[in-house]
1. Give me the residue from region 182-197 that is within 30 Å of residue 238 (Cβ to Cβ) and hydrophobic (A, V, I, L, M, F, W, C) and, out of that set, surrounded by the fewest Cβ atoms within 10 Å (Cβ to Cβ).
2. Pick from region 128-180 the residues that are under 16 Å from residue 208 (Cα atoms) and of a type in the set (D, E, K, R): which of them is surrounded by the fewest Cβ atoms within 10 Å (Cβ to Cβ)?
3. Checking the condition over 10 Å from the mean Cα position of the chain (by Cα), assigned to a helix (DSSP H, G or I) and over 29 Å from residue 353 (Cα atoms), which residue from 148, 179 passes?
4. Being over 34 Å from the mean Cα position of the chain (by Cα) and surrounded by 17 or more Cβ atoms within 10 Å (Cβ to Cβ), is that true of even one residue in region 91-99?
5. Going residue by residue through region 289-311, is there one that turns out to be crowded, with 21+ Cβ neighbours inside 10 Å, polar (S, T, N, Q) and over 21 Å from residue 82 (Cα atoms)?
6. Outside any helix (DSSP H, G or I) and either on the phi > 0 side of the Ramachandran plot or not assigned by TED's automatic domain parsing to the domain that holds residue 356 (or both), is that true of residue 227?
7. Hey, which of the helices (runs of 4 or more DSSP H) in region 80-141, taking only ones fully inside, have at least 1 residues that are farther than 17 Å from residue 33 by Cβ and among the acidic types (Asp, Glu)?
8. Of all residues in region 316-326, which are surrounded by fewer than 22 Cβ atoms within 10 Å (Cβ to Cβ), touching a residue at least 12 places away in the same chain (Cβ under 8 Å) and within 26 Å of the chain's Cα centre (by Cα)?
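The values are calculated or read from the model by the stated rules, or taken from the named source; none is laboratory data. Just so we're clear, the structure is a prediction, and the values are computed from it rather than from any experiment. Reconstructed Cβ throughout: ideal geometry from the backbone, glycine too, with neighbour counts over all protein chains shown.
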Amino acid sequence: MPALDTKAILQGRKPGRSTSLTIGIIVGTLCTLGMIGYLLVSGLAHGGVHGILGFLLSLLAAVIPVAILIPLILLLDRLEPEPGRLLVFAFLWGAGVAVVVSLILNTLGMEAVAVPVFGADVGEMVSTAAVAPVVEESAKGIVLLLLLWRRRHEIDSYTDGVTYAAMVATGFAFTENVLYFLSSFFEEGFFGLVFTFVLRGLIAPFGHPIYTAMIGIGVAYAAMNRGRLRLLAPVAGWVAAVLLHAMWNGSTFFGWAGLGAAYLVLFFVLLGIIVIAVQDRRRQVAAISYHLPAYIPTGLVTPADIRMLSSMKGRRGARAWAQRNAGQRGRQAMKDYQLAATELALLHQRLDRGVARPHWEGRRDNFLALMHVAREAFLGRVQQPVAPGWAATPTDSGFLRRADFAHVIASAQEQREQREQGARPSSGRHRGAGQRYRSHGDPRHGRGNPG
């Protein structure tokens, strides 16, 4: 039987590379390289060797906020981390596609509309405080709508929406910072670049991520809920993002007092986002504790394992334990096990909300199959059972209990092949994969009698 595609199972897609995602990454990369090349040529044209030096300093300065922001963004979503390729796509969209679109439209808006209508001074203010926020938040927000359309099932919490939004915005801020730093270098020299870096890179590096996070929250609401409000949520998020962005841009015309007031508002918005992330973490832990006990009869999870899965400290300890006993392969197996178990709990959470995809039973069986395969990969390297730190004895952990679960893997493989052929799975076969759970209680309701 072919090996299971771990990433495909966790992401809820067909096995193999996603062609559309690969194309998106390529387009984003080309646009990003195009913008960086354009800025390099601009530096060379304005100052020759001196301009190239300014470009290199600007590029280095722009990397520093990115190196600070990305780890903080990923820290928000540690319990159920988003697929790396999707995060890369989001970053490249912001750094390339969104910047190119914004540069073109902002320039046209200022030269063709704002300045001719309002004059040079007022036109610049209108373009900065009104046109730019609308254009830039729209350019960044499009990719979040694409994710909502194509990868809705990946967005299980508001934190997921914030994570994708922050990655898009961080990419956008990276390329925009190179542009601003280089402009300051030409206008005011090295000290002008340093001043702009301190203002944009150190004092207010969270600006773009905070604005676009509003769209991410709206998109997350649309992904997690039903009803008419879900259609309005992304629009409301976009409006909030534009208003925050306009407030910050407009504050620059009122000196340090204006910047201070705007900074204070953004600080409290950031605190609100952190509170949302904390609440999301609690809801995810509650989903693990509530829904996974129904799967105790499978032998793949025990009460001790559920306690381990419900804390970041327990998860880290389990991965370290697996690495000590089976090397890097064991650590990866434990990571796959933890992610599959978490996704299983979140699948039932989506069922409770009424937003699960059709044929959710196939995804359930795939997660269980992955948990089984991950455990077997680890056990193949262990000479004898070793009691994990979260369980009193080896038999207290489902990760170390060998059980005959081949029928789940076979069922998942068969259903996948049938879906690819456009046929519906056989109801009889599906019962064979799920009967064991229903005999102990229906997991769809999150409860079951472990026997």
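1. Of everything passing the filter in region 182-197, 197 is surrounded by the fewest Cβ atoms within 10 Å (Cβ to Cβ).
2. 176
3. Going through 148, 179 in turn, just one is over 10 Å from the mean Cα position of the chain (by Cα), assigned to a helix (DSSP H, G or I) and over 29 Å from residue 353 (Cα atoms): 179.
4. no
5. The answer is yes; a qualifying residue exists.
6. Details: outside any helix (DSSP H, G or I): yes; either on the phi > 0 side of the Ramachandran plot or not assigned by TED's automatic domain parsing to the domain that holds residue 356 (or both): yes.
The answer is yes for residue 227.
7. Working: elements: 84-92, 99-108, 115-118, 120-126.
Fully inside region 80-141 and qualifying: 120-126.
8. 317, 319
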